[in-house]
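*Asks:* I am attaching a structure below and will ask some questions about it afterwards.
What follows is calculated from the coordinates using simple rules that are stated; it is not laboratory data. These numbers come from a predicted model, not from an experiment. Cβ atoms come from the backbone with ideal geometry, glycine included; neighbour counts cover every protein chain shown.
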Amino acid sequence: MRLANILLVDDEVPFVETMTKRLNRRGFEILSAYTGLDALDMLSRHSKIDVVILDVKMSGMDGIQTLEEIKHRFPITEVIMLTGHATVESAIEGMKLGAFDYLMKPCDMEQLISKVESAVQRRRTHEDKIIQARMKEIKSWQA
Ligand SMILES: [Mg+2]
């Protein structure tokens, strides 16, 4: 399996730095963004991003708005929401809007990694199905 590419989006810089180091150590390629707009910009420039880990509570464009835009523009990108106790409702709303899952802060690393791995798997399965559908289409032209 090729290395998974993860985009970590959170407005707390020290949190992003710590998590990036931890996830790097576990073999993930991490890109980071500190705002929703930066995240969208990253996604438009890096088509290889498999999964986005997205903070719910951010100033400016919040996590829910960012999620909606991601699902609209990059529909097969899987999103895991990060939430605090105060924003659990938002995380649940996020699930309705197509988030893969959510996780409470402070993050349990094992839980996060297990969710990320499942999300990567789902993204890969989805990509494979799209490739298969395209191949069928090409074969039907040749027939
Ligand atoms: Mg935040």
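*Asks:* Out of 72, 85, I need the residue that is closer than 23 Å to residue 48 by Cβ and free of Cβ contacts under 8 Å to residues at least 24 places away in the same chain. Which one?
*Replies:* 72
For (1) β-branched (Val, Ile, Thr); (2) over 18 Å from residue 12 (Cα atoms); (3) within 14 Å of the ligand (Cβ to nearest atom), each residue gets a yes or a no:
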| site | (1), (2), (3) |
| --- | --- |
| 38 | no, no, yes |
| 72 | no, yes, no |
| 113 | yes, yes, no |
| 117 | no, yes, no |
| 133 | no, yes, no |
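*Asks:* Look through 82, 31 and report the one residue that is within 12 Å of the ligand (Cβ to nearest atom), surrounded by 15 or more Cβ atoms within 10 Å (Cβ to Cβ) and closer than 20 Å to residue 123 by Cα.
*Replies:* 82
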